[in-house]
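To keep things clear, I will list the structure first and then write my remarks on it.
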Amino acid sequence: MITADEAESLAHDERKIAERVYGLGNLRKARELGNKEADDGFRYRGCGLMQTTGRANFRRMGQLCGVDFEQNPDWVFSAEHALKPALAEWSEAGLNVYADNNDLLAISRAINCGSPKSKTIPNGLQDRAIWFAKVRRLIDRVEFKIETTTATEAIKTPDKPAEFAITDLVGEQVFGMGDEGPIVRAVQLALARLGYPLRGTGNFGGATHNAITDFQRKYGLEVDGELGPDTAKAIDRALTDQPPDATPPVSAPAIADLIGGRILRAGHTGPIVQAVQLGLARLGYPLTGTANFGPNTEKAVRDFQQKNKLEVDGEVGPEFARAIDRALAAHAQTSAPSLKVGEKPPASSGEKPTPAGATGVLTEVVGNRILVLGDEGAAVETVQQALAKLGYPVKATGYYGGDAEAAVIDFQQRRGIEVDGEVGAETAGELERALAGQPPSERPKGEELTPSAGTDARPLWVTEGLKWLDHREVIGGADNPEILEWAREEGGDIATVYKHDDTPWCALYANMVLTKVGIKGTETLWALDWNDWGQKLKGPAVGAFAPMKRSAGGHIAIVVGRDRRGNLMCLGGNQDDAVNIKPFPANRPLSFRWPIGVSLPDKIGVDSLPLLRSDGRISIKES
């Protein structure tokens, strides 16, 4: 408590104020910030682009950047070093994956709230979203400059990793299952450098537990799966001693360990769902790691259950998890050895025809799978070899990391195919054509593509809305917990009224996608309220909100394109009880609405809308 007399003595003296607030004049805060000497409060006050505060944070930032900020705190202002802390925070938080998907909310939460999964709406998010919408349209594309140096060489780092970086971060703490935060993320990234298939999620889950257990076993430590001082020191020693090209073998995380006693079913989301999806994908099922348990995942689960003589209920429980672990272990033993680009793989039954002029290796190895960030194995290694031959700075590690994803995105852009950073049959075929020196495949005239999140300059709310495709309400008395969570996060009248997913939720969905990008919607569940919201457009545009009447009330959807029959293709919730894109007659919307304060769309009118795939069956059920 600062008294009036003390305030008078501190007034107009910035050094005294900083010492009283951050330094030894406030021992609790000083300990929290690592300020231990007189004048540390002022010396390590908030500085630089990231407002780095406290001796411990200056030390940590210095270790990340390879610059001794602790001994030279003024360097955070210098032209040479000012940007490094911001770039280090960005990289450490793994924000590229969110940026690639235009996920402004996750980035803001990671930076301002400590976690991309925070439930807090960061201050100033709406202004950020408005500025992003203005700037995004000015950026055609970022050039991927292909050089002979590796990605790590391109970043100026010290000749040697900072000693005991993980040790300093961990201190005397012990981290285990369920912990989360930037220290967990730093450890995951360190283990990833040692070859473990981890990403910097910041969440200490089953994969991190298994990696630490394996590391402890290999380095003669007590095997408890927890991260404490001894394990941290061993990780630092391993990083310092690691040969440049070392890729130690790793143990795959057991899905049974992740599941435990849980039962996962349609509507569930999260990293455990993602692990199951990726496991099924390795067994040949056409799934990607969306982390959303939707109809495609349920279909794959049922098929796996039937083939493995399990109870066919479409749910993932302990018995299913043990069965998929056994299947993955058997698959790993029988998988083909790594293939070099140019070698022909062994013939197999059901062989698909090789594209003209292609070697056939990539399409054979990839097959009907889709390789995504975090995948590993011979197929990933073969793709990496192909990218390296084309001049990309990618090493054939067999682990699909951020460097490979960035290279694939650039390759897809250059070849004019769908840009999603994933390698399926189309991208594999284009890689083969590029290796053979052939031009990109000709796309049939007027071919229609279904939109996917994060692949172009659509408004932020459309990008956010596309992430929830195929989310549906649960048939019967149960509810989809994700939809209920949307209502809880909206708060106010929506949270008060919306208790079950059989309540019409198209307006809930429209409000949710705006809230997640920092824009205020109607904040009600009544679809026709959208006819008075925002500003009116002269016609349809990509991202326009289209309120409509129906027999028992109203419906609200977002325009994303048109079909060949002149219908509007609209993204919405509660369309046949799910989030999807459906055709609507062009004259059905009462108006087309746009958020106030956001730059108006460049193109307006049905003819200006992109052509999307459609079966022509217009929407008839929106309740």
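Coordinate-derived values only; no laboratory data. Computed from a predicted model, the values in this text were never measured in an experiment. Positions of Cβ are backbone-derived with ideal geometry, glycine not excepted, and every protein chain shown enters the neighbour counts.
Taking only C-alpha pairs under 8 Å that are 6+ residues apart, what is the relative contact order of region 460-608 in percent?
Working: 286 pairs, mean separation 36.1, N = 149.
Once normalised by length, the contact order is 24 percent.
For the ranges 51-61, 85-95, 511-521, what's the packing order if you count other beta-carbon atoms within 10 Å of each residue, average per peptide, and put the highest first? The partial results should precede the final answer.
Details: 51-61: 20.9, 85-95: 18.3, 511-521: 23.4.
Peptide ranking by packing, descending: 511-521, 51-61, 85-95.
Enumerate the amide H contacts of residue 575 below 5 Å, restricted to partners 5 or more residues apart or on another chain; note that Pro and chain-start residues carry no placed amide H.
So residue 575 has HN proximity to 580.
So what's the convex hull volume per residue for the Cα atoms of region 190-236, in Å³?
On the way: hull volume 3.3 nm³, N = 47.
Value for region 190-236: 71 Å³ per residue.
Specify the inter-centroid distance of region 553-591 and region 474-547, based on alpha-carbon positions, in whole Å.
Rounded to whole Å, the Cα centres lie 15 Å apart.
What base-10 log of the normalised intensity I(q)/I(0) is obtained for region 460-608 from the Debye formula, alpha carbons as equal point scatterers, at q = 0.20, 0.21 Å⁻¹?
-1.27, -1.40
Hey, can you rank 39-46, 323-330 by average C-beta count inside 10 Å, highest first?
Values: 39-46: 20.1, 323-330: 16.6.
Ranked by mean Cβ neighbours within 10 Å, highest first: 39-46, 323-330.
If you count, for each residue, the other Cβ atoms within 10 Å and average over each peptide, how do 4-10, 225-231 line up from highest to lowest? Please list the in-between numbers first.
Working: 4-10: 10.9, 225-231: 19.0.
For the peptides 4-10, 225-231, the packing ranking is 225-231, 4-10.
Evaluated at 10 °C with a viscosity of 1.306 mPa s, what Stokes-Einstein diffusion coefficient in µm²/s does region 255-334 have when Rh comes from the Kirkwood expression over alpha-carbon pairs?
Numbers: Rh = 12.2 Å.
Value of D from the Cα-based Kirkwood radius: 130 µm²/s.
Collect residues whose amide H, placed 1.01 Å from N in the peptide plane, falls under 5 Å from the amide H of residue 34; neighbours closer than 5 in sequence don't count.
56
Given the pairs 520/603; 307/621; 536/603; 582/603; 536/582, which span a C-alpha to C-alpha distance of over 25 angstrom in this model? Could you put the intermediate results ahead of the total?
Details: 520/603 23 Å; 307/621 35 Å; 536/603 14 Å; 582/603 21 Å; 536/582 22 Å.
Those over the limit are 307/621.
Does region 4-84 classify as rounded, prolate or oblate by the C-alpha gyration tensor (a ≥ b ≥ c root eigenvalues; a/c under 1.5 gives rounded; else a/b over b/c gives prolate, otherwise oblate)? Numbers along the way, then the final one.
On the way: a/c = 3.05, a/b = 1.87, b/c = 1.63.
Prolate.
Counting only other residues whose beta carbon sits under 13 Å from that of residue 496, what net charge do I get with K and R as +1, D and E as -1? Don't skip to the end; give the middle numbers.
Details: positive: 488, 499; negative: 490, 493, 523.
Summing Lys/Arg as +1 and Asp/Glu as -1 gives -1.
Hey, what did region 255-334 get for relative contact order, percent, Cα under 8 Å, at least 6 apart? Don't skip to the answer; put the middle values down first.
Details: 100 pairs, mean separation 29.8, N = 80.
For region 255-334, the relative contact order is 37 percent.
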